[in-house]
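Just so you know, all these numbers are worked out from the coordinates, no wet-lab data involved. Bear in mind the structure is a predicted one, so any value in this text is a computation, not a measurement. Methodologically, a virtual Cβ is constructed for each residue, glycine included, from the backbone with ideal geometry; neighbour enumeration extends over all protein chains shown.
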Amino acid sequence: MVRRSMRLISLAIALALMCLTPVFNMADDSSSARRRTRLITLERTVCFGACPNYKLTIYSDGWVEYEGIRFVKKMGKATGKISRAQLNDLVERFTNIHYFKFPDLIEPGQKSCPQSATDMPSANTSLTWQGRHKEVRHYHGCRGPSSLDRLTELENEIDRVVNVKQWTGK
């Protein structure tokens with residue numbers, strides 16, 4: 001009788017531990033997710049032609065996620081990593097061009113786009129930094145202020161640092 005009671009108690013403890021294991025695993029996953037936060041994004045959209053269409057996400061630990069959509073060598077998802085120094089340099093470039101002061105939308109018909117050409121791609125970027133978040137949708141047919149050139153240079157620098165050519169082939 002005592003043996004049977006001990007077995008039942010052992011079984012109950014084992015079942016309880018098995019039920020609690022997913023809870024502990026979820027806590028571990030959420031703590032790692034808190035450490036890795038999305039910092040920078042870049043999405044290049046299609047044009048009237050074969051412009052590469054892809055998305056990049058760069059996280060606070062340098063982890064890079066790529067998603068190829070159209071007109072790229074690597075369709076689908078891939079990952080990479082950049083160094084802490086490269087990440088800090090990118091953030092510094094955002095702050096140097098006063099990214100948070102850019103209008104959210106730079107496209108024809110907006111004050112931020114005094115001259116425009118048609119059939120061009122867009123580059124949509126975002127930065128989450130020091131409690132602030134900013135997204136800029138930049139149509140590349142817009143011309144005018146030199147600030148647009150600095151924004152384009154930043155977009156190209158993100159591609160260069162991540163080595164996006166390994167996935168786009170361009």
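Of note:
- LYS77-GLN130 FRET efficiency (beta carbon distance; Förster radius 41 Å; 0.05 resolution): 0.90
- With the cut-off at under 18 Å, measuring from each backbone N in segment 127-169 to a point 7 Å along the Cα-to-Cβ line of GLN115 picks out 139-153.
- Bridge orientation summary for segment 36-168: considering DSSP beta bridges with both residues in this region, about 95 percent are antiparallel.
- FRET efficiency for the pair GLN166 and ARG84, taken as 1/(1 + (r/R0)^6) with r the Cβ-Cβ distance and R0 = 25 Å, rounds to 0.75.
- Partner lysines for LYS55 [C-alpha distance under 26 Å; skip if fewer than 8 residues away on the same chain]: LYS73, LYS74, LYS77, LYS81, LYS101, LYS134, LYS165, LYS170
- Among 41-48, 121-128, 76-83, the order from most to least packed when residues are scored by Cβ within 10 Å on average: 121-128, 41-48, 76-83
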